[in-house]
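The values are calculated or read from the model by the stated rules, or taken from the named source; none is laboratory data. Not measured: the values here are computed from a predicted model. Positions of Cβ are backbone-derived with ideal geometry, glycine not excepted, and every protein chain shown enters the neighbour counts. With ligands, DNA and RNA removed, areas are computed over all heavy atoms of the protein, side chains included. Shrake-Rupley method; radii C 1.70, N 1.55, O 1.52, S 1.80 Å.
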Amino acid sequence: MAAPRSWALWSFCGRGWSRAVSGYRVPGLRSSWPRGPLGARLLSQEKEATETHFGFETVSEEEKGGKVYQVFESVAKKYDVMNDMMSLGIHRVWKDLLLWKMRPFPGTQLLDVAGGTGDIAFRFLNYVQAQHQRKQKRQLRAQQNLSWEEIARKYQNEEDSLGGSRVMVCDINKEMLKIGKQKAHAQGYKAGLAWILGDAEELPFDDDKFDVYTIAFGIRNVTHIDQALQEAHRVLKPGGRFLCLEFSQVNNPLLSRLYDVYSFQVIPVLGEVIAGDWKSYQYLVESIRQFPSQEEFKEMIEDAGFQKVTYENLTSGIVAIHSGFKL
């Protein structure tokens, strides 16, 4: 999500949430990144104050950043509930399919951008933990000569249940990250998880750092999509994979008409009733209609330097998963 540029790091550890302070070198963060208190990150002065869209409204690029920030600040507390209501729970299946398509391997380093409430991160942690446990059981079965005590000791000495896999959740909105941290604490997610307050257009990470970059239902809110894609390419390792789950264009004429009615007549009403916010959900519906088609977005990903770019439509194109590789 694009918004006024500010930066901070919040990492999760066994003792709680710790804030990075000036002078502390965090591995993987860009050494040239501006330091300072929250909200004081330096802006890119080179960007021209050109016009863009905020839903169906025409605004300046700088203004859009602030408006999008306010939208997600407003909806953060009801974001997950509204996702269930708006999609009738189908968004959970879409996100599961994203993980199935990713198929992370042991030791995968994932960057999940615009992932404030943690949906993709938690699925990733569940996946890699289950994968690591299956691997461990296969190894134990192969060692038939071990005694019960040796097997128990092997399980007890297991320090990393994720097999070295890690996920960083990066979002520009403090409130969205706050909700994600609360969910992580409530659901018992501790190891292998970090939270970063940062901008998709100017990621605070070194080059060639991550194996996989994901962004789910976030890239259409970015002011400069091309710049966000270039940043995704920069932070991925050679051979790394880009995966984007986003609303797209419905390819079934009948479903398209029904979807339009539901989107414009029902979703804003749900937003008002459940979240007390009609305007934010009106924007979210309009932003979907402004997002490029599947083919257009595929070309944008290729222009950013990715290769072997493909996409898969889900639910007749209501959403699509785009995939590309840094080769």
- May I ask you to give the solvent-accessible area per residue for the range 91-131, in square angstrom, as obtained with a 1.4 angstrom probe? 34 Å²
- Using a simple spin-label model with points 7 Å from Cα along the Cα→Cβ vector, what separation in nm is obtained for residue 161 and residue 101? 2.9 nm
- Tabulate in residue order the Karplus-calculated ³J(HN,Hα) for the range 305-320, using 6.51 cos²θ - 1.76 cosθ + 1.60 with θ = phi - 60°, rounded to whole Hz; enter x for Gly and Pro. x, 7, 10, 6, 7, 9, 9, 10, 7, 10, 6, 6, x, 4, 10, 9
- Item | Amide H contacts of residue 240 (H built 1.01 Å from N, under 5 Å, at least 5 apart or other chain) | 326
- residue 149 versus residue 230, label points 7 Å from Cα toward the beta carbon: distance in nm? 6.4 nm
- Amide H contacts under 5 Å for residue 246, placed H, 5+ residues apart: 217, 320, 322
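Would you mind working out the accessible area per residue for the range 255-306, using a 1.4 Å probe, and quoting it in Å²?
50 Å²
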- Share of accessible surface on carbon and sulfur in the range 191-327, whole %, 1.4 Å probe and ligands ignored, is 52 percent
- Item | Difference of contour (0.36 nm per residue) and Cα-Cα distance, residue 207 to residue 279 | 22.1 nm
- Tell me, what HN-Hα J-couplings in whole Hz come from the Karplus equation 6.51 cos²θ - 1.76 cosθ + 1.60 at θ = phi - 60° for each residue of the range 83-97, using x for Gly and Pro? 4, 5, 5, 5, 9, 6, x, 5, 4, 5, 5, 4, 5, 4, 5
- Query: Which stretch or stretches of the range 295-327 have amide N atoms under 19 Å from the point lying 7 Å from residue 266's Cα along the Cα→Cβ direction?
  - Reply: 314-320
- Taking R0 as 25 Å, what's the FRET efficiency between residue 190 and residue 90 from their Cβ-Cβ distance, rounded to 0.05? 0.25
- Full extension from residue 255 to residue 182: what is 0.36 nm times the residue separation minus their Cα-Cα distance, to one decimal in nm? 22.6 nm
- Taking 0.36 nm per residue of separation between residue 302 and residue 61 and subtracting their Cα-Cα distance, the length gained on full extension comes to 84.4 nm
